[in-house]
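Peer 1: Below is a structure I'd like to ask you about.
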Amino acid sequence: MTDTTDILSIRNVYKVFGEQPDTAMQMLRNGATKDEIFEKTGQTVGVFDASFSVKKGEIFVIMGLSGSGKSTMVRLLNRLIEPTAGTIELNGKDITGLGDADLLDVRRKEMSMVFQSFALMPHMSVLENAAFGLEISGVDKKERNRRAQEALEQVGLGEHGASYPHQLSGGMQQRVGLARALTNDPTILLMDEAFSALDPLIRYEMQGELIRLQKEQERTIIFISHDLDEAIRIGDRIAIMEGGRVVQIGTPEEIMRNPADDYVETFFKGVDVSKILKAGDVACPTSGCTIRINGSVQPFDSANNDFGYLLDNSDKLQGIVPLTGLDAAQTNVDHLMQQRVDQHAAVYSDDMVKDIVKKVANAEYPVPVIERNGTFCGVISKDRLLQTLSHT
Amino acid sequence: MIEVSLLDPFDYLSIPLGEWVEAILQYLVQNFRGFFRAIRWPIDQVLDVSETILKSIPPLIGIILSSLLGWQLAGKKMGVFCAITLFFLGMIGVWSESMTTLSLVLTSLFFCVVIGVPLGILSARSDRIEKIVRPILDAMQTLPAFVYLVPVVMLFGIGNVPGVLVTIVFALPPLVRLTNLGIRQVPEDKIEAARAFGCTPRQMLFKVQLPLATPTIMAGVNQTLMLSLSMVVIASMISVGGLGQMVLRGIGRLDMGLATVGGVGLVLLAIFLDRLTQAMGERTDASNTLHWYETGPVGFVVRAYRGIQAK
Ligand SMILES: Nc1ncnc2c1ncn2[C@@H]1O[C@H](COP(=O)(O)OP(=O)(O)OP(=O)(O)O)[C@@H](O)[C@H]1O
Ligand SMILES: [Mg+2]
């Protein structure tokens, strides 16, 4: 799904709001902080030295508290806000210096935007709204209505083309907003807190919809959110912003396991880790007593362990045996094979922790974790699971 | 004696403002006759056309047409209302005067729209222009009409054309203000969305700003019409015909009957125009989901036609 070419590269981008951005930039170079600059010059630093790249086909989530510069960041990408310094490369081409005509072209063909407030045109029907982008590009009416209708059907509003926005619920209106963006068939979809105004149920539904659409069309999506659960659910990678800076970028697991600083850590406090972590992240590779059986039984240490995990030559799990009362020195392969637990449970390393809780709780032995190809990678005991879940 | 002149320095310190104005006017009249003729010309044309049309329509046809218009714009009730108002206007015997007044008002509305809407758009787009335009509009609205009545007569003579001119001066400001306001009040997120989809400034104006500002602009049109009507009596002092003339003559001769008839005529005309333009403003509201050709008498005809075709 995700290939590795960068579609968008942001390098050392700054945005200073105010009359004298040069003074503020000078102060920033000399190491002044955002607050100092605001006190001395009255200029607001919206984005501070942001650098990151977005890969083709991924959902890239930008997250942060209110005022951290998320909206500013996303508007810099299509230059609704002009950057004060830095470069933004789209497919390797710097767009910060584009003239008016080229910029319009980028907005019409490459990037479409979905807004928190929907921002539909009240004087246009749903179909006309969905066709708005193409109308602006001068596509003739028949063609643009056909494509708008297609987009409306993708978001499940095929029947509502003749309605007007005020006749629809918030969730439906945002579907129109999404359809309007999809009609243009942009390479990149920019979504500024697109689902924040919706109630939790509809929001969840829309997230699912977005994931589905992204899988079907392999579009690159840059999604702004202040909701961590949302970010984790839809994001392939997350960038976390604080006070205009990008403080950390990574997959949800990476950030979860290695928060860059206290801010990020507090952000992840209280998050439901069972939804982020996979069994493979929790499984302890060194825990559990593994017994290698290639023809003969290799020596093993049964101390502190109630169960042993039988592995063949290529590390494939062959069974689980209770170790109580077993004499390590006198046993052989056949004996071990007879002693195996019937129908032992196992989980795959890419199962979400939330989905394995029941298995781990019900098994009398620490549950083995295996790769999809059968390779053993560790076990999860009840203790281990509880420790993981109690992370705060 | 010196003391007195110190306490009252205006004995010898004075600006002959009045004389200057007069001198300037004299100069203008003598040197720019062609220019003022040029201004008269378009007003004359529009006024002629509208007056000819309005006067040549027989009253009954006029009433039927305007109630159809009312029906189209705001439903059957409005149609009936239009018919009753106009019928009453005819019954009190002021049909012809009403048409004269109506043509004056419509002519000045025409020029107000032609001048006012673009001016409003310009001042919405540039704060600088707004800053310049605003005090001028203030002056136009607060300056008593009598003050510019005299210079207008000196420059343009008397009659309907200068009458329209003073009416424009008086009725233009609300349209400019409300156009400006309407465009500035278009929600920021709609503007941003339009920009994000690649609107040129021109597309922004015609596809987003003007449509969204239309209800406010229509309120401006309504105000302009009402002000034009109220100016008609004053304009009749420079020998503008119509209902205003009746009122003025009535007052001059202390003929209360004549003045009242003219006044009632003006009020009826005002109510008629007010309701009609208000209805037009509401039509442009977003809540109206039917197309114009699906409602009113036009919708009736269209449906009937489709019915016949279907058979
Ligand atoms: N047009 C502007 N003029 C001046 N300052 C601005 C402007 N837009 C944003 N800012 C400032 O830039 C900073 C970042 O604002 P931004 O809207 O990007 O935050 P955000 O992360 O999107 O917050 P939220 O979650 O509330 O939407 C804030 O301090 C804000 O006050
Ligand atoms: Mg925001």
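Peer 1: Of the conditions (1) within 14 Å of chain B (Cβ to nearest Cβ); (2) buried (at least 18 other Cβ atoms within 10 Å of the Cβ); (3) over 30 Å from A:Phe38 (Cα atoms); (4) not aliphatic (A, V, I, L, M), A:Asp185 clears all except one; give me its number.
Peer 2: Among (1) within 14 Å of chain B (Cβ to nearest Cβ); (2) buried (at least 18 other Cβ atoms within 10 Å of the Cβ); (3) over 30 Å from A:Phe38 (Cα atoms); (4) not aliphatic (A, V, I, L, M), A:Asp185 violates only (2).
Peer 1: State whether one or more residues within the range A:135-151 are touching a helix residue (DSSP H, G or I) at 6+ places or on another chain (Cβ under 7 Å), at the interface with another protein chain (Cβ under 9 Å from one of its Cβ atoms), of a type in the set (A, V, I, L, M) and away from ligand 1 (no atom under 16 Å from the Cβ).
Peer 2: Within the range A:135-151, the subset touching a helix residue (DSSP H, G or I) at 6+ places or on another chain (Cβ under 7 Å) is A:135-137, A:144-145, A:147-149, A:151.
Subset that is at the interface with another protein chain (Cβ under 9 Å from one of its Cβ atoms): A:135-137.
Now restrict to residues that are of a type in the set (A, V, I, L, M): A:136.
Adding the requirement that they be away from ligand 1 (no atom under 16 Å from the Cβ) leaves A:136.
Among the residues of the range A:135-151, at least one is touching a helix residue (DSSP H, G or I) at 6+ places or on another chain (Cβ under 7 Å), at the interface with another protein chain (Cβ under 9 Å from one of its Cβ atoms), of a type in the set (A, V, I, L, M) and away from ligand 1 (no atom under 16 Å from the Cβ), which makes the answer yes.
Peer 1: Among the candidates A:Leu28, A:Leu104, A:Leu90, A:Leu8, single out the residue that is more than 16 Å from ligand 1 (Cβ to nearest atom), free of Cβ contacts under 8 Å to residues at least 24 places away in the same chain, hydrophobic (A, V, I, L, M, F, W, C) and surrounded by 16 or more Cβ atoms within 10 Å (Cβ to Cβ). Can you show your working first?
Peer 2: Numbers: A:Leu28 fails: more than 16 Å from ligand 1 (Cβ to nearest atom); A:Leu90 fails: free of Cβ contacts under 8 Å to residues at least 24 places away in the same chain; A:Leu8 fails: free of Cβ contacts under 8 Å to residues at least 24 places away in the same chain.
None of the others qualify; the one that does is A:Leu104.
Peer 1: Does A:Lys40 fit the bill of being farther than 30 Å from A:Lys215 by Cβ and within 10 Å of ligand 1 (Cβ to nearest atom)?
Peer 2: Details: farther than 30 Å from A:Lys215 by Cβ: yes; within 10 Å of ligand 1 (Cβ to nearest atom): no.
When the stated conditions are applied, A:Lys40 does not pass them.
Residue-wise test of (1) within 30 Å of B:Tyr27 (Cα to Cα); (2) not polar (S, T, N, Q).
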| site | (1), (2) |
| --- | --- |
| B:Ile132 | yes, yes |
| B:Val147 | yes, yes |
| B:Val150 | yes, yes |
| B:Thr179 | no, no |
| B:Gly198 | no, yes |
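Peer 1: Restricting the range A:182-229 to residues that are more than 16 Å from ligand 1 (Cβ to nearest atom), outside any helix (DSSP H, G or I) and within 17 Å of the chain's Cα centre (by Cα), which is farthest from A:Lys275 (Cα to Cα)?
Peer 2: Checking each candidate, the answer is A:Ile188.
Peer 1: Here is a further query. Between A:Arg212, A:Arg203, A:Arg175, which is among the basic types (Lys, Arg), free of Cβ contacts under 8 Å to residues at least 12 places away in the same chain and more than 13 Å from chain B (Cβ to nearest Cβ)? Step through it out loud before you land on a result.
Peer 2: Working: A:Arg203 fails: free of Cβ contacts under 8 Å to residues at least 12 places away in the same chain; A:Arg175 fails: free of Cβ contacts under 8 Å to residues at least 12 places away in the same chain.
Of A:Arg212, A:Arg203, A:Arg175, the one residue that is among the basic types (Lys, Arg), free of Cβ contacts under 8 Å to residues at least 12 places away in the same chain and more than 13 Å from chain B (Cβ to nearest Cβ) is A:Arg212.
Peer 1: Further question on the same structure: Condition first: away from chain A (no Cβ under 14 Å) and part of a helix (DSSP H, G or I). Can you find one or more residues in the range B:203-216 that meet it?
Peer 2: So in the range B:203-216, the residues away from chain A (no Cβ under 14 Å) come out as none.
No, the range B:203-216 has no match at all.
Peer 1: Tally the residues that are surrounded by 13 or more Cβ atoms within 10 Å (Cβ to Cβ) and within 20 Å of B:Ser96 (Cα to Cα), restricting the search to the range B:54-80.
Peer 2: Taking the range B:54-80 first, the residues surrounded by 13 or more Cβ atoms within 10 Å (Cβ to Cβ) are B:54-55, B:57, B:59, B:62-75, B:78-80.
Add one more test, that the residue is within 20 Å of B:Ser96 (Cα to Cα), and what stays is B:54-55, B:57, B:59, B:62-67.
So the count comes out to 10.
Peer 1: Let me ask something else. Condition test on B:Gly263, is it more than 20 Å from the chain's Cα centre (by Cα) and over 25 Å from A:Gly133 (Cα atoms)? Let's see the steps before the verdict.
Peer 2: Values: more than 20 Å from the chain's Cα centre (by Cα): no; over 25 Å from A:Gly133 (Cα atoms): yes.
No; evaluated as a whole, the condition is false for this residue.
Peer 1: Filtering the range A:49-69 down to residues that are buried (at least 17 other Cβ atoms within 10 Å of the Cβ), modelled with pLDDT under 95 and within 16 Å of ligand 2 (Cβ to nearest atom), which residue is farthest from A:Arg233 (Cα to Cα)?
Peer 2: Checked the range A:49-69; the qualifying residue farthest from A:Arg233 (Cα to Cα) is A:Ala50.
Peer 1: Looking only at the range A:168-213, filter to residues that are assigned by TED's automatic domain parsing to the domain that holds A:Leu80 and among the small types (Gly, Ala, Ser); which one of those is farthest from B:Arg195 (Cα to Cα)?
Peer 2: Here the residue is A:Gly208.
Peer 1: Here's something else I'd like to know. Hey, could you check the range A:116-132 for residues that are in contact (Cβ under 8 Å) with a residue 24 or more places away in the chain and at the interface with another protein chain (Cβ under 7 Å from one of its Cβ atoms) and say which is farthest from A:Gln167 (Cα to Cα)?
Peer 2: Here the residue is A:Phe132.
To keep it simple, each residue is scored yes or no on (1) part of a helix (DSSP H, G or I); (2) within 14 Å of chain B (Cβ to nearest Cβ); (3) under 22 Å from A:Thr187 (Cβ atoms); (4) within 16 Å of ligand 1 (Cβ to nearest atom).
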{"position": "A:Ser68", "(1), (2), (3), (4)": "no, no, no, yes"}
{"position": "A:Leu76", "(1), (2), (3), (4)": "yes, yes, yes, yes"}
{"position": "A:Glu82", "(1), (2), (3), (4)": "no, yes, yes, yes"}
{"position": "A:Lys109", "(1), (2), (3), (4)": "yes, yes, yes, no"}
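Peer 1: Among the residues of the range A:76-87, write down those that are out of contact with any Asp or Glu (no Cβ under 7 Å at 6 or more places or on another chain) and away from ligand 2 (no atom under 16 Å from the Cβ). Steps first, answer last, please.
Peer 2: Taking the range A:76-87 and keeping what is out of contact with any Asp or Glu (no Cβ under 7 Å at 6 or more places or on another chain), we get A:76-79, A:81-86.
Across the range A:76-87, the qualifying residues are A:Arg79, A:Glu82, A:Pro83, A:Thr84, A:Ala85, A:Gly86.
The values are calculated or read from the model by the stated rules, or taken from the named source; none is laboratory data. This structure is a prediction, so every number in the text was calculated from the model and none was measured. Note that we place each Cβ from the backbone using ideal geometry, even for glycine, and neighbour counts take in every protein chain shown.
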